[in-house]
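**Q** Sharing a structure with you now.
Values in this text are rule-based calculations from the coordinates and carry no lab data. Computed from a predicted structure; not experimentally measured. Here Cβ is always computed from backbone atoms with ideal geometry, including for glycine, and neighbour counts include all displayed protein chains.
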């Protein structure tokens, strides 16, 4: 399978939700925040990563994303499946790979992103996280979370 097929799948998933593609990014620009999906090629193998997160429109952007996540799972078996699906050298029938990727992207990424549409939603999301070590200081200051 080629990168092109993953891009087509991401187009199929995110275009109907209002995202626009810019290079390896799919961006939804809302009134208070932008939602970003990023397809990243591994430097070490024929694998990819899907990163996703948010930029708050009222804050200077000093990093790629104010709030950054990687398409992953805490469930070990599900994480292994995600890793294998995004490794294009891993033997999977193309239709099965695309179907399973779509299902997992919908259940993991879309389910989280569709409920975050405002700064207040971001604040509630941040308050539920066990730690904020990966959140830029500028974002913590904006929300008074220091």
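**Q** When only Cα pairs under 8 Å and 6 or more residues apart are kept, what is the percent relative contact order across the chain?
**A** On the way: 159 pairs, mean separation 28.0, N = 146.
The value is 19 percent.
**Q** Mind telling me which of 65, 99, 113 comes out most flexible in a GNM of the chain, alpha-carbon contacts under 10 Å?
**A** Highest fluctuation of the listed residues: 99.
**Q** OK, next. Could you list log10 I(q)/I(0) for the range 1-50 at q = 0.19, 0.22, 0.28, 0.33 Å⁻¹, which the Debye formula gives when each Cα is one point scatterer?
**A** Normalising to I(0) and taking log10 leaves -0.63, -0.79, -1.09, -1.31.
**Q** Take the alpha carbon atoms of the range 33-53, find their center, do the same for the range 69-146, and report the distance between the two centers in whole angstrom.
**A** First find each Cα centre; the distance between them is then 11 Å.
**Q** Obtain the nm distance between the two label points defined at residue 146 and residue 2 by a simple spin-label model: each point lies 7 Å from its Cα along the Cα-to-C-beta direction.
**A** With each label point 7 Å from Cα toward Cβ, the separation is 5.1 nm.
**Q** Quick check: pseudo-label points 7 Å beyond the Cα along Cα→Cβ at residue 42 and residue 81, how many nm apart are they?
**A** 1.9 nm
**Q** Modelling each spin label as a point 7 Å along the Cα-to-Cβ direction, I'd like the residue 110/residue 127 distance in nm, to one decimal.
**A** According to this spin-label approximation, the distance is 2.9 nm.
**Q** Given the DSSP H assignment, sum -39500 (n - 2.57) over each helix run of at least 4 residues in the chain and divide by its residue total; what's the result at 222 nm in deg cm²/dmol, nearest 500? If you can, show how the numbers build up before the last one.
**A** Working: 5 runs with 50 residues, N = 146.
Theoretical 222 nm ellipticity from helices: -10000 deg cm²/dmol.
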